[in-house]
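Engineer: Let me give you the structure first, and then I'll get to my questions.
Derivation of every value follows stated rules applied to the coordinates shown; laboratory data play no part. All values reported here derive from a predicted model rather than from experimental measurement. Neighbour counts run over all protein chains shown; Cβ positions are idealised from the backbone, glycine included.
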Amino acid sequence: MPRDLDLLKSVFGFDEFRPGQAEIVEAVSRGENTLAIMPTGGGKSLCFQLPALIRDGVTVVISPLIALMRDQVRGLQAAGVNAGALTSGNTQDETDAVFDAISRDELKLLYMAPERLASGGTLNLLRNAGVTMIAVDEAHCVSQWGHDFRPDYLRIGELRRALDVPLAAFTATADEETRAEIIQKLFDGAPPRTFLHGFDRPNIHLAFAAKDSPRNQILSFAAARKGQSGIVYSATRARTETLAKALRDAGHPAVHYHGGMDAEDRREVERQFQQEDGLIVVATVAFGMGVDKPDIRWVAHSDLPKSIESYYQEIGRAGRDGAPADTLTLFGADDIRLRRSQIDEGLAPSERRSADHGRLNALLGLAEAHGCRRQQLLTYFGEDTPACGNCDLCTAPPDLFDGTVDVMKALSAILRTGECFGSGHLIDLLRGTMTDRIRDRCHDQLPTFGVGKDHDKRMWQAVFRQMLGLDLVRPDPERHGALRITEKAHPVLRGEAQVELRRDTLKTGTRRPTAKM
Ligand code: ADP
Ligand code: ZN
C-alpha cells in the first residue's frame, strides 16, 4: 500500500487515490482478473497504469481510440515511464522505438488498437514480449448489442487464452446486460473480481461554513453530537493540540493525533478510537489510513482540505456502516491563501502546480456552491445525480445576488495599489478607514478610497474569499499575502462578465446586514 502511494505521488503527481482506485489498483497489481466499472472521468487509466509499473513485464493496453492512446503514452513518457503504442498513426521511428524497448525488456506499457489483433504477427510479437497482463479500456466495445461495438474486441478473449495472463477490463457502462456480455466474451464466462463504483455516499450529510470563530464552530458542532465518535481534521499539528484541549474542557473525551507524535503514541490513539465509543480525535491528515471504524458518526474540518479529492476521502471515513453521518467543513480566506502558497512553494513542475490549483479551485467552488453540494461533488467525479436533499444547500438554498459592482471595486483597489497588498489593507482602503499604512502610502488620495463604505469588514472579507474561490484573484507567490488578479478577472474588469455572489456566506456572523457609516 505505501508503495502504491509512493508511485501515485512520484509518477502521477497525485497525493491520494480517487474513490475506488485504491482497491482496484491492489487487485490488478495482485494479478486478479478484474472488471471495473467507473464513471467517465473517474480515473480509470491510473488503475491499470500504476499496476503495470508494479508488475514485472509488459502490460498490453487495448484501447479503441488512437488519439487517447497517444495522449496517454505522451503523458506516461513525460512522467518517465517507458510506454509505447503500436497504432496506424505511428511514425517509423516511434515503431522502431517500441520494438527496441521490447527487445531490451524495458517496455512497461504497450498500447494497441484492437484492429492490430487481427494480424497474425501480433500474437507472436506479444508472446515474445514478456506480456504479464492485459488491460482493456472501454471494455463495453465487446458488446454486440451496444452502440460502440468493435468486432475486433472479440479477439481479446483469444489473446487472453493464448497468453494465459490476467486481464483487467474497464468501462463506464454499467448495465447488467453489457456486464454479462463482457464477462462472457473477455473472461470466458468465469466471473472476474468486479468493482462497481458509484461515488455517492448518500448517508453522509454535506455542509460547509465560512470560518467565523473556528473553535466555537467546532465546539458547537461537537456539542450537538455528544457521545458520538468523530474526527476533526486540522491543518497544523499545533492546532490539533489546542482544539483537542478545548474539546476536553467542554466535557468531551478528545485526543490529538499528528505525524510529530512517536509511533507508539499514535498506535495507542488508533487503538483507543477503534475500541472506545464516543471518542473524538483531532488530527492532521496523517490520521485515517489505518483506521477502519464503521461507526464514525461525524467528520469536521476546522480548516479547508487541500483538494477536492482529500475532502472526499476524509469525509468518506464517516458512516461506513451506512447509518446517517454528519460533516462540516470550515473555510476562510486564510486557508485559501495557505493552500495556494503551499502549491506555489512546492517543488512540482509548473503544469503539475496548475493542476493542483485546479483541484483546489474545485474544492473552493464546492465550498461556495450555488446549488446541491452532492451534485457538484459527483459531477466532478464524473457522475450524474439529482439534487440530494441531504446537504446544507438542499435544505437552505443560498441567496444569490449580482456582485459584479463589489467585485469591480475590489479589483480596482488591487490594481490601483499595484497588486502589492493583501485583503486586510485593501478592505481598509475600500471602507475608507484611515490607518497608518493608508496615510503613509497616501492611499486616501486614490479614487477607490472609501468606495466600499456601504459594506462592513466581514462582508468585504467574504467578497475577497469568494473572489479567491472563483479564482479571480490569487496570492502573489513572491510577496507574502499580496493579491494579484488573474486572467479570469479581465472580462469582469472590461464589463463583459457578471459575477454572482452568495449572500448567506457574506452575512455569516454579521449582526447588521448593512453598516451605516
Ligand atoms: P476515465 O478514463 O475514467 O474517464 P481518466 O483516467 O482519464 O478517467 O482520469 C480523469 C482525470 O482524473 C484525469 O485528468 C486524471 O489525471 C485525473 N485523476 C485520476 N486519478 C486521480 C487522482 N488519484 N487524483 C487526482 N486526479 C486524478
Ligand atoms: Zn444536496
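Engineer: Any idea what the dipole of the chain comes to, in debye rounded to 20, about its Cα centre with Lys/Arg Cβ at +1 and Asp/Glu Cβ at -1?
Structural biologist: In debye, rounded to 20, the chain gives about 1700.
Engineer: Please compute the length gained on full extension between ALA286 and ASP148, using 0.36 nm multiplied by the number of residues separating them and subtracting their Cα-Cα distance.
Structural biologist: Separation in residues times 0.36 nm, less the Cα-Cα distance, equals 45.3 nm.
Engineer: May I ask for the distance between the Cα centers of the stretch 380-447 and the stretch 1-36, given as a whole number of Å?
Structural biologist: The stretch 380-447 and the stretch 1-36 have Cα centres separated by 40 Å.
Engineer: Sticking with this one: At 222 nm, what helix-only mean residue ellipticity would the chain give, in deg cm²/dmol to the nearest 500, using -39500 (n - 2.57) for each DSSP H run of four or more?
Structural biologist: -12500 deg cm²/dmol
Engineer: Mind pulling the angle between the C-alpha long axis of helix 350-367 and the longest principal axis of the chain? Nearest 10 degrees, somewhere in 0 to 90.
Structural biologist: On a 0 to 90 degree scale, this one is about 60.
Engineer: What residues have an amide H closer than 5 Å to that of VAL61, excluding those fewer than 5 places away on the same chain, when H is modeled at 1.01 Å from N in the peptide plane?
Structural biologist: Counting only residues 5 or more places away or on other chains, the set is LEU110, TYR111, MET112, ALA135.
Engineer: Moving to a separate point now. Set Lys and Arg Cβ to +1 and Asp and Glu Cβ to -1, take the dipole of the chain about its Cα centre, and tell me which of GLY80, LEU501, VAL60 lies farthest positive.
Structural biologist: Of GLY80, LEU501, VAL60, it is LEU501.
Engineer: Further question on the same structure: Arrange the following residues from fewest to most other Cβ atoms within 10 Å of their Cβ: ARG18, ARG3.
Structural biologist: The order, fewest Cβ neighbours first, is ARG3, ARG18.
Engineer: Let's test the formula: R0 of 41 Å, r as the Cβ-Cβ distance of LYS245 and VAL405. What FRET efficiency results, to the nearest 0.05?
Structural biologist: 0.40
Engineer: By the gyration tensor of its Cα atoms, with a ≥ b ≥ c the square roots of the eigenvalues, what is the shape of the stretch 170-319: rounded for a/c under 1.5, prolate for a/b over b/c, or oblate?
Structural biologist: prolate
Engineer: Quick one: order VAL25, VAL11, VAL255 by neighbouring beta-carbon count within 10 Å, fewest to most.
Structural biologist: Result, fewest neighbours first: VAL11, VAL255, VAL25.
Engineer: Given R₀ = 41 Å, what would the calculated FRET efficiency be for ALA223 paired with ALA263, taking r from the Cβ atoms and rounding to 0.05?
Structural biologist: Approximately 0.80, to the nearest 0.05.
Engineer: Among DSSP beta bridges lying fully in the chain, give the percent that are antiparallel, nearest 5.
Structural biologist: Approximately 10 percent, going by the DSSP bridge assignments.
Engineer: Using every Cα-Cα pair within the stretch 19-144, state what percent have a distance larger than 26 Å.
Structural biologist: Counting pairs separated by more than 26 Å, the tail of P(r) holds 15 percent.
Engineer: Give, in whole angstrom and from largest to smallest, the semi-axes √(5λ) of the equivalent ellipsoid of the chain, with λ running over the eigenvalues of the Cα gyration tensor.
Structural biologist: 48, 29, 21
Engineer: Can I ask one more? Let a ≥ b ≥ c be the square roots of the eigenvalues of the Cα gyration tensor of the stretch 416-497; is it rounded (a/c under 1.5), or, if not, prolate (a/b larger than b/c) or oblate?
Structural biologist: prolate
Engineer: Can you grab the distance from the C-alpha centre of the stretch 450-475 to the C-alpha centre of the stretch 297-329, Å, no decimals?
Structural biologist: 28
Engineer: Go ahead and run the numbers for FRET between ILE54 and SER350, Cβ-Cβ distance against an R0 of 30 Å, rounding to 0.05.
Structural biologist: The pair ILE54/SER350 has a calculated efficiency of 0.60.
Engineer: Order these by the 10 Å Cβ neighbour count, fewest first: ASP321, ASP428.
Structural biologist: Fewest-to-most ranking of ASP321, ASP428: ASP321, ASP428.
Engineer: What do you get for Rg/Rh of the stretch 360-514 when both radii come from the Cα atoms and Rh is the Kirkwood radius?
Structural biologist: Result for the stretch 360-514 is an Rg/Rh of 1.01.
Engineer: Starting from the Kirkwood radius over alpha-carbon pairs of the stretch 313-391, derive D by Stokes-Einstein at 4 °C in a medium of 1.567 mPa s and give it in µm² s⁻¹.
Structural biologist: Here the translational diffusion coefficient equals 89 µm²/s.
Engineer: Another question, if that's okay. Among the lysines, select those whose C-alpha is under 19 Å from the C-alpha of LYS457, and discard any that sit fewer than 8 residues away in the same chain.
Structural biologist: Within the straight-line limit of under 19 Å, LYS457 reaches these lysines: LYS211, LYS409, LYS507, LYS516.
Engineer: Related question: Would you mind calculating the relative contact order of the chain from Cα pairs under 8 angstrom and at least 6 residues apart, reporting the percent as a whole number?
Structural biologist: For the chain, the relative contact order is 12 percent.
Engineer: Cα-Cα over 32 Å: which of LYS44/LYS306; LYS226/LYS453; LYS9/LYS293; LYS226/LYS306; LYS453/LYS488; LYS108/LYS293?
Structural biologist: Distance filter (> 32 Å) returns LYS226/LYS453; LYS108/LYS293.
Engineer: Suppose we look only past 20 Å in the calculated P(r) of the stretch 227-302. What percent of the Cα-Cα pairs does that tail hold?
Structural biologist: Above the 20 Å cut-off, the stretch 227-302 has 19 percent of its Cα pairs.
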